[in-house]
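Report on one structure; see the data block that follows.
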Amino acid sequence: MRVATVQQNAKDVKSYKEAWEEIKLLIDNAASEPVDLIVLPECAYPAYYLGYDRDRTTEAMGYIDKVVEDVSRRAKKYKVNIAIGLAVKSGNGLMNAGLFFNRNGEILGTCNKSNLWHFDRKWFDCGMNFDVIESDIGKVGLIVCADGRAPEIS
C-alpha cells in the first residue's frame, strides 16, 4: 500500500478560501504518483484556528458541502482513498472531524475529536464517534490529534 501524507500550511479562518484551493492542489499533486491513500491534516478546512471571528467562520462553513464535494470528486477522479480533517456542522455547533472517502468518492466513515484542548472548546463540540471503516486497503480507523493519547480509542 502506498500512502501520501500531505502537510498543509496552518491557516486562520480568515484564509479559508486559500485553504480550500490548497486542499485541491495538494490532492492533485499527491495523486500524480500511484497512491492508495492520501492523508490530509486536522482541520484542513476551514482552518485549524477558528479564533473568535464568528462571522468569518459562519461564512466559511457555508461552503463546507462544496468542499466535501470537491474532495469526493478527486477521490473518484484519481481512484484513491482520502482521509481528511474538516470542521463540520453538527446541530448548532461544529465538530473537529475526520472523514474517509473511498475510491468512488463515497464517505465510508467519520470520527469527531473527543479530547479537546482548552482552546478547542471555544469553537468545537466534543465528539464521541470512531467508526471502524471497511475499505479496499483493509480496516481503517480515524483519530484526530489529542485522541491519539487515549489508547481506548485505538
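The values are calculated or read from the model by the stated rules, or taken from the named source; none is laboratory data. Note that the coordinates shown come from a computational prediction; the quantities given were computed from them, not determined experimentally. A quick note on method: Cβ atoms are made from the backbone with ideal geometry, for glycine too, and the neighbour counts reach across all protein chains shown. Protein only, heavy atoms only, side chains kept; ligands, DNA and RNA dropped before computing areas. Shrake-Rupley method; radii C 1.70, N 1.55, O 1.52, S 1.80 Å.
Annotation note: GluC sites (Glu not before Pro) in the stretch 85-154 located in DSSP loop regions with a Cβ neighbour count of at most 15 within 10 Å are E106, E152. Just tell me the longest site-free run in the chain, where the sites are trypsin sites (Lys or Arg not before Pro) in a DSSP loop having at most 16 other beta-carbon atoms within 10 Å. Longest gap between qualifying sites, sites excluded: 3-78. Entry note: the stretch 1-121 has Rg to Rh equal to 0.96, where both radii use alpha-carbon atoms and Rh is the Kirkwood radius. Residues whose amide H comes within less than 5 Å of that of A87, counting only those at least five positions distant or on another chain, are Y45, A47, A97 (H built at 1.01 Å from N in the peptide plane).
Rounded to whole numbers, the Karplus 3J(HN,Hα) couplings from phi for the stretch 6-21 are 10, 9, 9, 5, 5, 10, 8, 4, 4, 9, 4, 5, 5, 4, 4, 5 Hz, using 6.51 cos²θ - 1.76 cosθ + 1.60 with θ = phi - 60°, and x at Gly and Pro. The phi torsions of the stretch 113-118, fed into the Karplus equation with coefficients 6.51, -1.76 and 1.60 and a -60° offset, translate into couplings of 3, 10, 8, 7, 5, 3 Hz, rounded to whole numbers, with Gly and Pro shown as x.
Amide H contacts for N115 (H built 1.01 Å from N in the peptide plane; partners 5 or more residues away or on another chain; cut-off under 5 Å): D147. Measuring nothing but protein heavy atoms, the accessible surface of the chain at 1.4 Å probe radius is 49 percent carbon and sulfur.
Here the chain is treated with +1 on each Lys and Arg Cβ and -1 on each Asp and Glu Cβ, and its dipole about the Cα centre works out to around 120 debye. As a length-normalised measure over Cα pairs under 8 Å and 6 or more apart, the relative contact order of the chain settles at 18 percent.
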